[in-house]
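Visitor: Below is one structure. I have some questions about it.
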Amino acid sequence: MNPEAAWPFAAHLAVLSIVSVGGAHAMLPDIYRFVVTEHGWLGGQEFATLVALSQAAPGPNVLVTALLGYQFGGLLAAIVAPVAFILPSSIAVYAFAHLHVRSGDAPWKRIAMQGLAPLTVGLVIASGIVLAQGAGAGVAGYAVAAAVALASAFTRLHPLVLIGAGAAAGFLL
Amino acid sequence: MENAAPALRPPRAITCRSLAWGFARIGLSGIGGVLPYAHHTIVEDEGWLTDREFTEVLSIAQILPGPNIANVAILLGTRFRGTAGAAAALGGLFVPPLLIFIAIAMLYRQFADIAWLKRVFVGIAAAAAGLILGMGLKLAVALPRKLWAVAIALAALGVAVVMHVPLPWVVLALAPVGLACAWKWPA
């Protein structure tokens, strides 16, 4: 446990907050790079497990930063991490809310959405790959990840069912 | 900010307290993404917005930086109750689930070293990676059917997985290219 780590972690998240496109999951490869590869505050498997737990818990995805932060920085990190991740973008959105006049179907919105979508797709898929590597379960792990990916993309199974299936596979293998 | 409120809506119904409570329900209901619950609460339960207004707010929330649902909370809170409304909506959205997340973090710390549980955790970690991959696949199917879109997605994927480039540089480099392409070659 290293409460000092709360501050550099929060500072990193605050920077990501401003450039975040596509939500928390698109930011995970960079958070992984910072927390696991660069600082070694968590192991890859631990990181991947905590992301999994965050998906099984009720709440916005960004709260994964609290779960990660708690493991190496304690309660302080669990609180300052999500605040740092949410606050900068929130201030920008708040400022926008004051400027904003109802825009209807303004063409800039179509351009912005279409232009940013490929970036989000690339980063979210990258996130899945980084986490599958982090899970560290070898070929079996990749097979579970691939099966869950296909099931979640092409069936209507609830995410919790798929996480449960993963848990069962982990227990048995 | 009050002049941004839709003219026909009676102002009495939407208080800071109802914003906080409404967004708390949204925050606590979502497993694997809160947006479907957001629509249910905001449009059907509370009647804060019409379907069309919700779609518009959501499209703006998606473009702006930050979590989509947090942006919806701020845009609605500001629209109905100004600064206090934004704070109430954001607090309602995040504080109750944060307490749950902290409880889970404490439990994990307590039990993470049990051997059979470790195997279970490896399994759910692989499953969680799969869930995120699946979401990426779904998003990929919805991409504009354009060469530039595929190229940008692959470039982002490559630099994030292989080259470990810090994300701000990736976004600063690729976002303008994507915007220019979307402007020049609309889908």
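Visitor: Quick one: B:LEU99 ticks every box in (1) more than 8 Å from chain A (Cβ to nearest Cβ); (2) touching a residue at least 60 places away in the same chain (Cβ under 8 Å) except a single one, so which number is it?
Guide: That leaves (2) as the condition not met.
Visitor: Test B:ARG25 against the criterion of being in the same structural domain as B:ALA88 (by TED's automatic domain parsing), of a type in the set (Lys, Arg) and surrounded by 17 or more Cβ atoms within 10 Å (Cβ to Cβ), and give yes or no.
Guide: Details: in the same structural domain as B:ALA88 (by TED's automatic domain parsing): yes; of a type in the set (Lys, Arg): yes; surrounded by 17 or more Cβ atoms within 10 Å (Cβ to Cβ): yes.
Yes; evaluated as a whole, the condition is true for this residue.
Visitor: Let me ask another. What residue, among those in segment A:140-173 that are of a type in the set (Gly, Ala, Ser) and in contact with a Lys or Arg (Cβ under 7 Å, 6 or more places away or on another chain), is farthest from the other protein chains (Cβ to nearest Cβ)?
Guide: So in segment A:140-173, the residues of a type in the set (Gly, Ala, Ser) come out as A:140-141, A:143, A:145-147, A:149, A:151-153, A:164-170.
Then drop every residue that is not in contact with a Lys or Arg (Cβ under 7 Å, 6 or more places away or on another chain), which leaves A:153, A:170.
Values: A:ALA153: 4, A:GLY170: 2 Å.
Taking the candidates together, the pick is A:ALA153.
Visitor: Any idea which of A:ILE125, A:ILE129, A:ILE111 is within 17 Å of the chain's Cα centre (by Cα), closer than 30 Å to B:ALA173 by Cβ, facing another protein chain (nearest Cβ under 7 Å) and surrounded by fewer than 24 Cβ atoms within 10 Å (Cβ to Cβ)?
Guide: Within the list A:ILE125, A:ILE129, A:ILE111, the selection yields A:ILE129.
Visitor: Give me a count of the residues in segment A:148-167 that are loosely packed, with under 15 Cβ neighbours inside 10 Å and modelled with pLDDT of 90 or more.
Guide: Within segment A:148-167, residues that are loosely packed, with under 15 Cβ neighbours inside 10 Å and modelled with pLDDT of 90 or more number 1.
Visitor: In segment B:156-165, what residues are crowded, with 18+ Cβ neighbours inside 10 Å and at the interface with another protein chain (Cβ under 8 Å from one of its Cβ atoms)? Working first, answer last.
Guide: In the first step, residues of segment B:156-165 are kept if they are crowded, with 18+ Cβ neighbours inside 10 Å; the result is B:156-157, B:159-161.
Hits for segment B:156-165 are B:ALA156, B:LEU157, B:ALA160, B:VAL161.
Visitor: Any residue in segment B:145-153 that is touching a residue at least 40 places away in the same chain (Cβ under 8 Å) and surrounded by fewer than 19 Cβ atoms within 10 Å (Cβ to Cβ)? Quick ask: steps written out before the conclusion?
Guide: Step one: of segment B:145-153, the residues touching a residue at least 40 places away in the same chain (Cβ under 8 Å) are B:145-146.
Pick out the ones that are also surrounded by fewer than 19 Cβ atoms within 10 Å (Cβ to Cβ) and you get B:145-146.
Within segment B:145-153 (the criterion being touching a residue at least 40 places away in the same chain (Cβ under 8 Å) and surrounded by fewer than 19 Cβ atoms within 10 Å (Cβ to Cβ)), the answer is yes, since at least one residue qualifies.
Visitor: Exactly one condition in (1) facing chain B (nearest Cβ under 7 Å); (2) at negative phi is not met by A:GLY59; state its number.
Guide: Among (1) facing chain B (nearest Cβ under 7 Å); (2) at negative phi, A:GLY59 violates only (2).
Visitor: Now for a separate question. Which of the residues belonging to segment B:43-59 are more than 7 Å from every other protein chain (Cβ to nearest Cβ) and within 21 Å of A:PHE96 (Cα to Cα)?
Guide: B:TRP48, B:LEU49, B:ARG52, B:GLU53, B:PHE54, B:THR55, B:GLU56, B:VAL57, B:LEU58
Visitor: Considering each residue of segment B:126-166, count those that are at pLDDT 85 or above and either among the β-branched types (Val, Ile, Thr) or assigned to a loop (DSSP other than H, G, I, E, B) (or both), and give that number.
Guide: 11
Visitor: Could you look through segment B:61-86, keep only residues that are more than 7 Å from chain A (Cβ to nearest Cβ), crowded, with 22+ Cβ neighbours inside 10 Å and among the aliphatic types (A, V, I, L, M), and pick out the one that is nearest to A:GLY22 (Cα to Cα)?
Guide: B:ALA61
The values are calculated or read from the model by the stated rules, or taken from the named source; none is laboratory data. These numbers come from a predicted model, not from an experiment. Cβ coordinates were reconstructed from backbone atoms using ideal geometry, including for glycine residues, and neighbour counts include every protein chain displayed.
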